[in-house]
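Structure first, commentary second.
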Amino acid sequence: MAETTQLKPMPDDWQRALAVVAHPDDLEYGCSAAIAAWTDAGREVAYVLATRGEAGIDTLEPARCGPLREREQRASAAVVGVSVVEFLDHRDGVIEYGTALRRDVAAAIRRHRPELVITLNHRDTWDGVAWNTPDHVAVGRATLDAAGDAGNRWIFPELAEQGLEPWNGVRWVAVAGSSTPTHAVDATPGMERAVRSLLEHRTYIEGLTQEDPEAYVRGFLAEYAESMGERFGGRPAVAFELFNR
């Protein structure tokens with residue numbers, strides 16, 4: 001049965017990864033412990049966000065919210081050893097799947113030349129229980145497509161004219177938050193930094209819950225990691241659905 005299938009260890013024979021998501025905090029809700037472990041091992045990880053999350057806090061107008069959430073995201077990334085954080089400046093909440101988004105992500109892949117690309121759940125729901133947001137669906141799907149687009153010189157030829165030569169070196173795309181994960185990373189070594197990383201999004205978290213921010217963050221990350229660990233030898237885990245290329 002799929003629900004009892006054990007998760008395999010993530011590949012480790014790579015040096016560069018690129019994470020592409022829609023909003024500040026998307027990576028911190030589950031991925032950061034894995035990213036901390038990877039940067040500890042000397043691997044390079046860069047972040048590309050489609051938006052600045054400017055529509056994410058009801059009490060803050062976008063003009064104020066966007067710069068604040070950008071600062072929180074940069075601080076959050078630094079906690080887990082990531083210094084490169086880029087924003088594509090699509091509008092938060094109304095990202096459209098299509099060639100413009102695919103082109104922007106393909107350009108990022110060509111710039112960073114990763115072997116591993118990471119994104120977030122691109123399916124309609126979270127495990128069939130909660131409806132996913134259009135932004136997550138659009139960015140996740142576009143990232144899966146752009147991993148191929150980046151290597152084809154005849155798709156978006158204008159990128160080569162801008163000096164971004166094709167990159168066909170993406171070997172895997174790893175989808176976090178999938179209801180059908182296949183692989184995992186031990187979350188234990190990076191868990192404390194994952195907590196601190198998510199806590200950097202304090203303004204967002206304080207607008208989301210009345211619970212103490214640290215208690216909320218620890219509870220959320222621990223529950224997720226422990227649930228994945230049931231399929232990873234009992235070790236708390238960050239899980240991914242891994243697509244080979």
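The values are calculated or read from the model by the stated rules, or taken from the named source; none is laboratory data. This structure is a prediction, so every number in the text was calculated from the model and none was measured. Heads up, the Cβs are rebuilt from the backbone with ideal geometry, glycines too, and the neighbour counts pull from every protein chain shown. Accessible surface areas use protein heavy atoms only, side chains included; no ligands, DNA or RNA. Shrake-Rupley method; radii C 1.70, N 1.55, O 1.52, S 1.80 Å.
Can you pull the percent of segment 124-219's accessible area that's carbon plus sulfur, 1.4 Å probe, other chains left in place?
Working: 2420 of 4710 Å².
The computed percentage sits at 51.
Return the long-range amide H neighbours of E86 (sequence gap of 5 or more, or a different chain), with a cut-off of under 5 Å between placed amide H atoms.
Those lying under 5 Å, H to H, from E86 are Y47, V48, L49.
Please give the FRET efficiency for Q162 paired with D212, using the beta carbon to beta carbon distance and R0 = 30 Å, rounded to the nearest 0.05.
Result of the calculation: an efficiency of 0.05.
Indicate the gyration tensor shape class of segment 1-114 (rounded, prolate or oblate), computed on the Cα atoms with a ≥ b ≥ c the square roots of the eigenvalues: a/c under 1.5 is rounded; otherwise a/b larger than b/c is prolate and the rest oblate.
It comes out prolate by the Cα gyration axes.
Hey, for a label at D12 modelled as a point 7 Å past Cα toward Cβ, could you say which residues of segment 225-245 have their backbone N under 17 Å away?
Hits in segment 225-245 for D12 at 17 Å: 232-240.
Counting heavy atoms of the protein chains only and a 1.4 Å probe, report the per residue accessible area for segment 60-192 as a whole number of Å².
Solvent-accessible surface per residue comes out at 46 Å².
For segment 27-82, which whole percent of the accessible surface, found with a 1.4 angstrom probe, sits on carbon and sulfur atoms?
Here carbon and sulfur together make up 49 percent of the probe-accessible area.
Sum -39500 (n - 2.57) across every DSSP H segment of at least 4 residues in the chain, then divide by the residue count to get the 222 nm mean residue ellipticity, nearest 500.
-12000 deg cm²/dmol
Report the gain in length on full extension from R141 to T180: 0.36 nm times residue separation, minus Cα-Cα distance, nm rounded to one decimal.
Once the chain is fully extended between R141 and T180, it gains 12.5 nm.
Which one of G140, G42, G30 has the biggest mean-square fluctuation once the chain is modelled by GNM with Cα springs under 10 Å?
Comparing G140, G42, G30 in the GNM, the peak value goes to G42.
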